[in-house]
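Have a look at the structure below before the remarks.
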Amino acid sequence: MKSKKLLLLTSLGAGLFLWGCAKPSPRQAPGPPAEPSPRAGAKFELTLFTWTREDELAVNQELARAFEQSHPGISVRILNVPGSAEAMAKLHTMTAGGQPPDVASLHGAFYYSFADSGALADLDTFIAQDKSFDLSDFNPRIVEMCRWKGKLYSLPRYTSIYALFYNKDLFDAAGVPYPSQQKDWTWDAYLKTARALTRPAGPGRAAQWGCYLDFWGSRIYPWLWQNGADLMDAARSKVTLDTPEAAGAIRFLVELRHKYKVAPEPTPGERNEGLDLFCQGRVAMYMSGPWDVREISRRAAFRWDVWHLPRKRTAATMLGTENYVIMAGTKHPKEAWELFKFLLSPSSQELMAARQEKMPSRLSVLKGAYLTQKVAYNRKVFVDALDYSRPPPNIPEWDKVAHYIQEQLDLIWAGQVPVEEGLRNATSKVNELLANMRTGKA
């Protein structure tokens, strides 16, 4: 049964990961996996599986060398596959073929499918035997996200949330108060601000947009939650998008684009368009997270900052993670645990925060070094937003059914299906599939 599950998961579509996570990293040509030669004299070689860009890979390599120095008998080989969807498919293939790595970095959108398939080692056993490991230094809500059926199978390498990036120069030119200066930062205020910052194209002048809207995947989660809707019921037994609250949230986004015309029409398949337009100074407000800070800092020739997303009935944003796991098939569980611990150590997280702008998952680092490091933007917004953040749907089937929701959202966005009808169609289709999967009919 485990083998069948793994083989099924290997065939997942590359775009499905977008429904449970943050947006992909800025474009980069895929590079070959990094597989350093085993260190001479090492007694054990551990394989660390990652899916990072080149700049992040350099930090991982630095951490691997530091681990080797403190553990002379162990060599670490990094197998890096750029791109989360491609990497997760590769990891499924390796695991199904009986050749898993020892430690892996898992995309949060795929964690539950791996845990449900039996591919991951139970960390509770390691923690119970190692009194030096302080689990209480991790946010309890995030630890619960890392459990499946009562067992702890992962811990986050870092955490992420959505916030609002804004171009201070465009606000100043239009005489509009920054989001941080507006007393009541609601959907109505967001719309009013976006309208004041939208400017049509003219002779020798490109169009300027008040905001950019991604109408896909996890980008719609905060809007649903802010309006009192949810993707699934509390028991995670069915999708609940056929509600007035969900329709109200989706309709607001559709009207921002089609009625008020404060956002450009996204180019199909161009997942980094919002980032590009923001960095070019053509979009005043852009929803993203810590993963885009380095790119914006490098490219933007204007003053910018971050603030909280607007609220409706309540404040809400999405809480995402990238998780470290120990694979159940490792031949060196003791050594794999030592590497796992090292990668999640306070010093390792401080390095990632300083060099990669990653939000630490350890509370001591998050509230310590992360907040005290000098940066040019309001990093505290990210930390404060954790208090009202919510995790994405935590079911193993999600990455196999989410694209049916996206199909209807695309039709709604294109004006081909009314909002309520599209959400009813998506809800009905996905709930039928979930029922069949859980009863063995699919």
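Taking Cα atoms only, the orientation of helix 187-196 departs from the longest principal axis of the chain by about 70 degrees.
With the biggest extent put first, the Cα atoms of the range 219-267 measure 38, 22, 15 Å across the principal axes.
For the pair Gln181 and Asp169, the difference between a 0.36 nm per residue extended length and the Cα-Cα distance amounts to 2.9 nm.
How long are the semi-axes of the equivalent ellipsoid of the chain, taking √(5λ) for every eigenvalue λ of the Cα gyration tensor, in whole Å from largest down?
Semi-axes from the Cα gyration tensor: 37, 27, 19 Å.
Bridge orientation summary for the chain: considering DSSP beta bridges with both residues in this region, about 65 percent are antiparallel. Counted over the range 163-318, the DSSP beta bridges are approximately 75% antiparallel.
Just add up the charged neighbours of Trp209: K/R +1, D/E -1, any other residue whose Cβ is under 12 Å from the Cβ of Trp209. Spelling it out: positives minus negatives among the neighbours equals +3. A Förster radius of 25 Å combined with the Cβ-Cβ distance from Ala196 to Gln280 puts the calculated FRET efficiency at roughly 0.80. Axis of helix 333-343 versus longest Cα principal axis of the chain: the two differ by about 40°, to the nearest ten degrees.
For the pair the range 348-378 / the range 147-173, the C-alpha centres are spaced 13 Å from each other.
Were the residues from Leu363 through Ala207 laid out at 0.36 nm apart, the gain over their Cα-Cα distance would be 51.9 nm. Over the range 206-316, the pair-distance histogram of Cα-Cα distances with 5 Å bins from zero comes to 2, 11, 19, 22, 19, 14, 8, 4, 2, 0 percent, rounded to whole numbers. Length available on full extension from Arg355 to Lys259: 0.36 nm per residue minus the Cα-Cα distance, which gives 30.4 nm. A helix-only calculation puts the chain at -12000 deg cm²/dmol for mean residue ellipticity at 222 nm, using -39500 (n - 2.57) for each DSSP H run of at least four residues, averaged over all residues. The C-alpha atoms of the chain define a longest principal axis, and helix 346-356 lies at about 40 degrees to it. Its Cα gyration tensor gives the range 168-243 an equivalent ellipsoid, and the semi-axes of that ellipsoid, as √(5λ) in whole Å with the largest first, are 33, 16, 9. Paramagnetic label reach from Asp130 (point 7 Å along Cα→Cβ; backbone nitrogen cut-off under 13 Å): within the range 327-348, residues 327, 333-346. So what's the net charge close to Gln182: Lys and Arg +1, Asp and Glu -1, counting the other residues with Cβ under 11 Å from its Cβ? Net of charged neighbours comes to 0. The label-point distance for Lys374 and Glu144, in a model that sets each label 7 Å from Cα toward Cβ, rounds to 4.0 nm. With contacts taken as Cα pairs under 8 Å and at least 6 residues apart, the chain reaches a relative contact order of 24 percent.
Label sites at Asp387 and Gln69, each approximated as a point 7 angstrom past Cα along Cα to Cβ, lie 4.0 nm apart.
Just so you know, all these numbers are worked out from the coordinates, no wet-lab data involved. Since the model is a prediction, treat every value here as computed from it, not as a measurement. FYI the Cβ positions are ideal-geometry reconstructions off the backbone, even for glycines, and counts take in every protein chain you see.
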